[in-house]
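Reading through the structure tokens given below for one structure.
Here, each number is a calculation from the coordinates, and none is a lab measurement. All values reported here derive from a predicted model rather than from experimental measurement. Cβ: placed from backbone, ideal geometry, glycine included. Neighbour counts: every protein chain shown.
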């Protein structure tokens, strides 16, 4: 059978990602080997990790706080500035205005995006509005602007554990065209990818729900939790012991009948209640008959544990350490990937800053390629005038680090030319005043005259 002729413009292969739809139509990702992380169970389990692990919770607070600190800046298109500066700046002003004209804050939207760090992905629905001022009419969202342009009303998270299925493209390429979301107040809804801001930091086989930072620490979390449970049980048994009810052999014989069965049940219940600290009192024959001195066979005895409770600490600490190392290594590799290994290991503070920069750069690239472009397409601005967002300065370099960096460059033999621009930057970083250009220019002739007079 002759092969169908295809050109270099045709897509022949597929990503290889397994899904229940067979590559086309509605289905869910079927690529997880760990049964605890299959389907929507994954997000409930990961939420448990985030909520109960002090290590993970602390790392989350630390990372998200660092990523929230930089301000968002609007950058005019440099190519557009060459064509028409007025139109380009107008387009930049428009993009700057829509960010602060939503029903929620821009920072709240960024925090929704940060959930992709832990869960692997985040789907935010884009809701538009017409900017018709503070009194647009019944049922219409308000706006700070009254120019009639389209703006963002909301860009809000659709929780990962409410995503029922994905809709794959009918061409079999593996591209996702939409999602099905479960709603508590009614039937599920289909949301097209054109209306979604789909945040991912990994793109393995174009998986719409790739693994996040919690995936690598699941095993350590699970084993650490189990060992802690065993430790709690051992401490309880060691402290309170195990209560045992002793009875004569005759009580267990068939001849004891109903009375023997009742005695056995009563003694066992007394032991169980004593073990759970619910025993208030009771009565049974004395362990030794006072008249004959013979043992009656009845007694309550506590069996103490011989376990070494301290032995549990070592494996617990080991798994907690692995969890911390797992998160920190992922954070470190973000910095190494963008900045290089030697720079990344120079100082912990610098590593954090580089990692934040790498993550924010990836996020803002997705914002500019997604919501920003789709918004501009609904305006009359030409594409060459489209502006973009970027994150601001993460953290200013400390004076000590700056001086040390310059000294290192000079000692290594690198020529460092201190022109006026570099000098001004150093002055600003060190907190020194900038030179007064006007006063300096006025002083030049006077210094020149003084020099001539001295000669």
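Some points to look at:
- Computed lengthening from residue 145 to residue 61, 0.36 nm per intervening residue step minus Cα-Cα distance: 26.7 nm
- A Förster radius of 35 Å, combined with the Cβ-Cβ distance separating residue 7 from residue 31, puts the computed FRET efficiency at roughly 0.70.
- For the pair residue 71 and residue 52 in one chain, pulling the backbone fully straight at 0.36 nm per residue adds 3.8 nm over the alpha carbon distance.
- Segment residue 377-residue 18, length gained on full extension (0.36 nm per residue, minus Cα span): 125.8 nm
- The protection proxy used here, the mean number of other Cβ atoms lying within 10 Å of each residue, ranks peptides 385-391, 63-69 as follows, highest first: 385-391, 63-69.
- Protection proxy ranking of 112-123, 255-266 - average other beta-carbon atoms within 10 Å, highest first: 112-123, 255-266
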